Amino acid sequence: VVKLLASHGSEVSCKDKKAYTPLHSAASSGMISVVKYLLDLGVDINEPNGYGNTPLHVACYNGQDVVVNELIECGANVNQVNEKGFAPLHFTAASRHGALCLELLVGNGAHVNIKSKDGKTPLHMTAIHGRFSRSQAIIQNGAEIDCEDKNGNTPLHISARYGHELLINTLITNGADTAKRGVHGMFPLHLAALSGFSDCCRKLLSSGFDIDTPDDFGRTCLHAAAAGGNLDCLNLLLNTGADFNRKDSFGRSPLHYAAANCNYQCLFALVGSGASVNDLDKRGCTPLHYAAASDTDGKYVSHSSLTVVCVVML
């Protein structure tokens, strides 16, 4: 069909509303015979679409390894970036089906530490999407373990944020710094506790991290667990010896954060551990003030939860 249309004058480099060419479509779908035919006709192999993605980008994202191999052999630029600064290797690192594509790219000169406009490397992308085997391959090919994005987050921070325990283990085994500060001076353990990944917290704690080390605002990992309402993480930290009365730069204890979110389970755990219910923050507010001022319209918490929280504080 493609040959028939082309032989009758169809423009082989035409673009749709998003600037996709026929080569983009064929590459994305894995239509290798069409890809070869279009390349033989001389279409631009590195033509970007409306997002700056080349045919190699879309082939990598969809795991079309046969097409990727053909495009590379025909001269596709393996390091060409799109509008956000992502190279084909970023797409392969994020894809569900990119293992062989990654080998092809790295074997043909793709830069394993190439950064997007927001500072993310391919290793960051594996951390976001939990691509364990690809993270290993990228590391083996020279990826920088503690590379930082524009927020200062390393792949270990990202893995902790998204709860990828296997990736955390791989990164730590390969020398990742568990005490490296990321956004707002937070450590990977802060992000795991805030997001509610107790297994990740346990793995990070086993590496010897000081549990009461604060971020730029004086908040410890226990503050983060309380703020996120994550009971399992909070109990793990309490059982590991976290300081439940530690105050942040605003004078707030973990109990203030649990009360502010009307998370009565975390509040019970903190009070049961001996947390002071009458501590004042720098504005002169106790945890009870925060509980009383919380979302009482029922949009986020029930009236019964708020009542329980206030009763516990009295």
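Candidates ASP210, ASP177: the one that is assigned to a loop (DSSP other than H, G, I, E, B), charged (D, E, K, R), farther than 23 Å from THR121 by Cβ and touching a residue at least 24 places away in the same chain (Cβ under 8 Å) is ASP210.
Being under 32 Å from the mean Cα position of the chain (by Cα) and modelled with pLDDT of 95 or more is a property that does not hold for ARG283. Counted as qualifying within segment 251-297 are the helices (runs of 4 or more DSSP H) with 2 or more residues that are under 21 Å from ASP212 (Cβ atoms), namely 254-260, 264-273.
Scanning segment 12-31 for residues that are assigned to a loop (DSSP other than H, G, I, E, B) and polar (S, T, N, Q) returns SER13, THR21. The residues of segment 104-123 that are part of a helix (DSSP H, G or I), within 20 Å of ASN46 (Cα to Cα) and in contact with a helix residue (DSSP H, G or I) (Cβ under 7 Å, 6 or more places away or on another chain), listed by number, are LEU104, LEU105. Among the residues of segment 64-92, the ones that are under 21 Å from the mean Cα position of the chain (by Cα) and either surrounded by 16 or more Cβ atoms within 10 Å (Cβ to Cβ) or at pLDDT below 95 (or both) come to 9 in all.
Checked against (1) without any contact (Cβ under 8 Å) to a residue 24 or more places away in the chain; (2) more than 24 Å from ASP146 (Cα to Cα); (3) surrounded by fewer than 18 Cβ atoms within 10 Å (Cβ to Cβ); (4) not charged (D, E, K, R), PRO22 passes all but condition (3).
Would you mind stating whether ASP243 is in a loop (DSSP other than H, G, I, E, B), at pLDDT 95 or above and in contact with a His (Cβ under 8 Å, 6 or more places away or on another chain)? No. The single condition from (1) surrounded by 21 or more Cβ atoms within 10 Å (Cβ to Cβ); (2) in a loop (DSSP other than H, G, I, E, B) that CYS233 fails is (2). Just a yes or no: is a residue in segment 238-245 crowded, with 21+ Cβ neighbours inside 10 Å and of a type in the set (Val, Ile, Thr)? No, there is no match, as no residue in segment 238-245 is crowded, with 21+ Cβ neighbours inside 10 Å and of a type in the set (Val, Ile, Thr). Of the residues making up segment 32-71, those that are part of a helix (DSSP H, G or I) and either in contact (Cβ under 8 Å) with a residue 60 or more places away in the chain or touching a Leu at 6+ places or on another chain (Cβ under 6 Å) (or both) are LEU38, PRO55, LEU56, ASP65, VAL68, ASN69, LEU71.
Could you please find all residues in segment 237-296 being farther than 17 Å from THR220 by Cα and hydrophobic (A, V, I, L, M, F, W, C)? Within segment 237-296, CYS262, PHE268, VAL271, VAL277, LEU280, CYS285, LEU288, ALA291, ALA292, ALA293 meet the criteria.
The values are calculated or read from the model by the stated rules, or taken from the named source; none is laboratory data. What you see is a predicted model, and the numbers here were worked out from it, not measured in a lab. Glycine also receives a Cβ, built like all others from the backbone with ideal geometry; neighbour counts cover every protein chain displayed.
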